[in-house]
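Enquirer: Have a look at the structure that comes next, please.
The values are calculated or read from the model by the stated rules, or taken from the named source; none is laboratory data. Everything quoted here is computed from the prediction, not taken from an experiment. Cβ coordinates were reconstructed from backbone atoms using ideal geometry, including for glycine residues, and neighbour counts include every protein chain displayed. Please note that ligands, DNA and RNA were not included when accessible areas were found on the heavy atoms of the full protein model with its side chains. Shrake-Rupley method; radii C 1.70, N 1.55, O 1.52, S 1.80 Å.
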Amino acid sequence: MPEMRQLGSSGLKTPRLVLGGNVFGFTVKGEEAFRVLDRFVEAGGTMIDTADVYSAWVPGHVGGESETLLGEWLKRRGRRDDVLIATKVGMLAGEGGKKLEPARIAAAVEASLGRLGTDYIDLYYAHQDDPDTPLEETLRAFDELHKAGKVRVLGASNYSAERLAEARAISARGALAAYEVLQPEYNLMAKDSFEGDLQRLCVEEDLGVLPYFGLASGFLTGKYRSEADLGKSTRGSKMPQYMNARGFAVLAALDEVAGETGATQAQVALAWLSAQPGVTAPIASATGVEQLDDLIGAMELELSREQIERLTTAAGTAEEG
């Protein structure tokens, strides 16, 4: 079985991969989705990450499609205690208001619990900061859910170091449940938003860190190397931003390390993330079992210090260039 890591001081544990649920009910549905989920758990995976807003961006969808599919899977397998479900509130407007208003949080959690078919959520995130709602109001709403047993652990996604520190200070002063996990965007192509003050805060205060877009929407798999490759998936339209000296320097380093280790570029990119200070495990999604099996290989891939530094240098040199 893969190595289990403590998710900060939250009491939760996960191996070095969290399964992203943004594709469920969107690009992977029905039996194929169930096969992906079954395979993930079979391989030792524990946490599945979703959000109430997945996949409201699809024409005809209203949000909640991913949670609904996960609920069907949980019911079908007849077991809940061996998996951790993470979901989010704050991007899908609805009953009670919008963003992180207390009434919206109260309504949104009930809707998520209903779709998931469960009476508790293991990790509940504020999906993004809401500057229009006082932090204390939001935290009191989350604290009520925690005290009621509806939410085990609280997390924050897309927060700045300053706002995360302020939120934790408010929780400490008011004896409220605090954000114990951060979900930032972080990968070899997007380093600045996490590295620095945010990373230092997470290390110093022992917060769990589960980065999203660990593969830069697929660019770090190495399958997008020219304009001719953009049609390979629905995410191809995001690739031109990476097709520059910076991106190609990172791909070259990934190719080198993949050749040395016998791993794939995706596995190397995720293993680099797992080796960064403060990071517990990256989040990555899969649209099929074959793709998932590639990601699973990252759970146990150990890179040497020199390989990690070479990748970091390539990304840094490319950023400067």
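Enquirer: List pairs: first residue in region 286-311 and closer than 14 Å to Leu19 by Cα, second residue assigned to a helix (DSSP H, G or I) and open to solvent by 40 Å² or more (accessible area, probe 1.4 Å) anywhere in the structure, Cβ distance under 7 angstrom, at least six positions apart or on different chains.
Expert: Gly288/Glu32; Val289/Arg35; Val289/Arg39; Leu292/Arg39
Enquirer: Would you say Asp132 is of a type in the set (Asp, Glu) and in a loop (DSSP other than H, G, I, E, B)? Steps first, answer last, please.
Expert: Working: of a type in the set (Asp, Glu): yes; in a loop (DSSP other than H, G, I, E, B): yes.
Spelling it out, Asp132 is indeed of a type in the set (Asp, Glu) and in a loop (DSSP other than H, G, I, E, B).
Enquirer: Next question, about the same structure. Tally up the residues in region 140-199 that are of a type in the set (Ser, Thr, Tyr) and touching a residue at least 60 places away in the same chain (Cβ under 8 Å), please.
Expert: Going through region 140-199 one residue at a time, the tally reaches 2.
Enquirer: List every residue pair whose Cβ atoms lie under 6 Å apart, where the two residues are 6 or more positions apart in sequence or sit on different chains, the first residue falls within region 37-60 and is among the hydrophobic types (A, V, I, L, M, F, W, C), and the second residue, located anywhere, is open to solvent by less than 30 Å² (accessible area, probe 1.4 Å) and part of a helix (DSSP H, G or I).
Expert: From residues that are among the hydrophobic types (A, V, I, L, M, F, W, C), the pairs are Leu37/Trp73; Ala43/Ile296.
Enquirer: For Lys88, which of the numbered conditions (1) at pLDDT below 95; (2) outside any loop (DSSP other than H, G, I, E, B) fails to hold?
Expert: (1)
Enquirer: Suppose we filter region 33-79 for residues that are open to solvent by 40 Å² or more (accessible area, probe 1.4 Å) and either basic (Lys, Arg) or assigned to a strand (DSSP E or B) (or both); how many remain?
Expert: 6
Enquirer: May I pose another question? Condition first: of a type in the set (A, V, I, L, M) and either in a loop (DSSP other than H, G, I, E, B) or over 9 Å from the mean Cα position of the chain (by Cα) (or both). Now tell me which residues in region 274-290 satisfy that.
Expert: Correct list: Ala275, Val279, Ala281, Ala286, Val289.
Enquirer: Taking Leu254 as meeting all but one of (1) touching a residue at least 24 places away in the same chain (Cβ under 8 Å); (2) buried (at least 17 other Cβ atoms within 10 Å of the Cβ); (3) not in a helix (DSSP H, G or I); (4) not charged (D, E, K, R), write down the number of the exception.
Expert: All conditions are met except number (3).
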